[in-house]
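Asks: Once you've had a glance at the structure underneath, I'll fire off some questions.
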């Protein structure tokens, strides 16, 4: 009996490391950061075509089953701008860019999706539906914004719930008005628990934190832990525009901020980011590979490029450093961009 148990242990470990024994059932998910297609990038999309931003990372995206991102600007032509510093709106024809990048799952729970009001939110929902892009986190009412979205790959169903924890508060949906889903305690944890039971793998996306800060705030950590305890398999964060650390909690990954992905800005403070590649098994176990990318548009002109050599090593070392304090001093990111297996498999607390 001891021999059989030991054998199955090594089989399970081999499967976790390679995925080979479950190759037919493994879902390949790529998770990226903020996508904003307004302003300067549109000239390139008009002249070079919708696939322009993905030219240098196509090999990572093309074979993915699911490509997830935070859609940071609404698709529409009408509406009135909300009185704040930055308002983003993108013509619906540029939704083809999401398709060109194989982006088929997005969060719309953020502080820009309502920049031009409920009319443009409605246009956004219709545009995403027309392009067969699944979305979660905003809707015509709070009930709509709370709704679980799913995407099925072979026999596995991946679910997404998305929440906006950023201001302005006027963007939060109510029972009678459109907007984003703020995670009110009266429903959020029961929604997550029920969603977890309804799908094979549940992603929770959170728009939170402080812009340009690489350390999550205590409320982010507290909420992420609650989300995992209620049944989420993966937590993906956005809003800071820069990368924050990765935590492994109860064997599940919390990526507090993925930074920018394809973002139409020439900011000199946002230079590097990452794509996360997950291989997900039917038993909810998964592996993680980190792909560091250069998103400094002064250099790459809205075409993210994979970091290589010393730049890649430096980014992974930085990510490992800012992740250590989230993991009780343990190094969870290896120098080859993998998640530390022993840490991920530690006993539940």
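Asks: Looking at segment 27-59, which of its residues are part of a loop (DSSP other than H, G, I, E, B) and either in contact with a helix residue (DSSP H, G or I) (Cβ under 9 Å, 6 or more places away or on another chain) or surrounded by 23 or more Cβ atoms within 10 Å (Cβ to Cβ) (or both)?
Replies: 37, 38, 40, 49, 50, 51, 55, 56 - these are the residues of segment 27-59 that are part of a loop (DSSP other than H, G, I, E, B) and either in contact with a helix residue (DSSP H, G or I) (Cβ under 9 Å, 6 or more places away or on another chain) or surrounded by 23 or more Cβ atoms within 10 Å (Cβ to Cβ) (or both).
Asks: Within segment 186-231, how many residues turn out to be in contact (Cβ under 8 Å) with a residue 60 or more places away in the chain, in a loop (DSSP other than H, G, I, E, B) and either out of contact with any strand residue (DSSP E or B) (no Cβ under 6 Å at 6 or more places or on another chain) or under 20 Å from residue 327 (Cα atoms) (or both)?
Replies: The number of residues fulfilling the criteria is 3.
Asks: Scan segment 314-345 for residues that are buried (at least 16 other Cβ atoms within 10 Å of the Cβ), modelled with pLDDT under 90 and in contact with a helix residue (DSSP H, G or I) (Cβ under 9 Å, 6 or more places away or on another chain) and jot them down.
Replies: 344
Asks: Sort through 312, 305 and tell me the only one that's touching a strand residue (DSSP E or B) at 6+ places or on another chain (Cβ under 8 Å), without any contact (Cβ under 8 Å) to a residue 40 or more places away in the chain and more than 20 Å from residue 232 (Cβ to Cβ).
Replies: 312
Asks: While we're here: Which of the residues that make up segment 62-103 are surrounded by fewer than 17 Cβ atoms within 10 Å (Cβ to Cβ) and under 20 Å from residue 259 (Cβ atoms)?
Replies: The answer is 86, and nothing else.
Asks: Condition first: within 17 Å of the chain's Cα centre (by Cα) and over 21 Å from residue 65 (Cα atoms). Now tell me which residues in segment 94-130 satisfy that.
Replies: 109, 110, 111, 112, 113
Asks: Answer with yes or no whether residue 209 is at pLDDT 95 or above, surrounded by 24 or more Cβ atoms within 10 Å (Cβ to Cβ) and on the phi > 0 side of the Ramachandran plot.
Replies: Answer is yes for this residue.
Asks: Additional query: Condition first: in contact with a strand residue (DSSP E or B) (Cβ under 9 Å, 6 or more places away or on another chain), on the phi > 0 side of the Ramachandran plot and in contact (Cβ under 8 Å) with a residue 12 or more places away in the chain. Can you find one or more residues in segment 234-256 that meet it?
Replies: The answer is yes; a qualifying residue exists.
Asks: Looking only at segment 282-296, decide whether some residue is modelled with pLDDT of 95 or more, surrounded by 15 or more Cβ atoms within 10 Å (Cβ to Cβ), touching a helix residue (DSSP H, G or I) at 6+ places or on another chain (Cβ under 7 Å) and more than 30 Å from residue 156 (Cβ to Cβ).
Replies: There is at least one residue in segment 282-296 that is modelled with pLDDT of 95 or more, surrounded by 15 or more Cβ atoms within 10 Å (Cβ to Cβ), touching a helix residue (DSSP H, G or I) at 6+ places or on another chain (Cβ under 7 Å) and more than 30 Å from residue 156 (Cβ to Cβ).
Asks: Suppose we filter 130, 122 for residues that are buried (at least 17 other Cβ atoms within 10 Å of the Cβ) and more than 27 Å from residue 256 (Cα to Cα); which single one remains?
Replies: 122
Asks: Might you check whether a residue that is under 22 Å from residue 264 (Cα atoms) and in contact with a helix residue (DSSP H, G or I) (Cβ under 6 Å, 6 or more places away or on another chain) occurs anywhere in segment 104-126?
Replies: yes
Asks: Among the listed residues 270, 262, which satisfies the condition of being farther than 22 Å from residue 222 by Cα, modelled with pLDDT of 95 or more, under 19 Å from the mean Cα position of the chain (by Cα) and part of a loop (DSSP other than H, G, I, E, B)?
Replies: 270
Asks: Does segment 147-157 contain at least one residue that is at pLDDT below 95, more than 20 Å from the chain's Cα centre (by Cα) and more than 27 Å from residue 211 (Cβ to Cβ)?
Replies: Yes: segment 147-157 contains one or more residues that are at pLDDT below 95, more than 20 Å from the chain's Cα centre (by Cα) and more than 27 Å from residue 211 (Cβ to Cβ).
The values are calculated or read from the model by the stated rules, or taken from the named source; none is laboratory data. These numbers were taken from a predicted model, which means no experiment stands behind them. Cβ sites come from the backbone with ideal geometry, for glycine too, and all protein chains shown count toward neighbours.
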